[in-house]
Amino acid sequence: MSRQPAKLPKPTAAELDLLRVIWRLGPSTVKDVHAARVRERPELTYATALRLMQVMHAKARRWCLLPSTHTSLTRSATKSSAT
């Protein structure tokens, strides 16, 4: 019996909006991301941006901790965060 790989969590539309800002800015704080995003969406509060980034962080940790099928990615992520 073959083991099915775990499904990776997919980002929501709101998370994708923030990811696009992060990809454009590079390494950023919540304040940086909020400031860039609020120009297009003035209703976005700092607390909402913070919460979305916390959720994305949790999803990324789960993804990095998946067993075997993503071992090489997990190892490279672990090495880069340890240095």
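The values are calculated or read from the model by the stated rules, or taken from the named source; none is laboratory data. Note that the structure is a prediction, hence the values are computed from the model and not measured. Because the Cβ atoms are built from the backbone with ideal geometry, glycine has one as well, and the counts that use them run over all protein chains shown.
Assorted remarks:
- Lone qualifier among Arg75, Arg61 - being assigned to a helix (DSSP H, G or I), modelled with pLDDT under 85, of a type in the set (D, E, K, R) and over 11 Å from the mean Cα position of the chain (by Cα): Arg75
- In the stretch 11-29, the qualifying residues are those that are in a helix (DSSP H, G or I) and more than 12 Å from the chain's Cα centre (by Cα), and the one that is surrounded by the fewest Cβ atoms within 10 Å (Cβ to Cβ) is Ala13.
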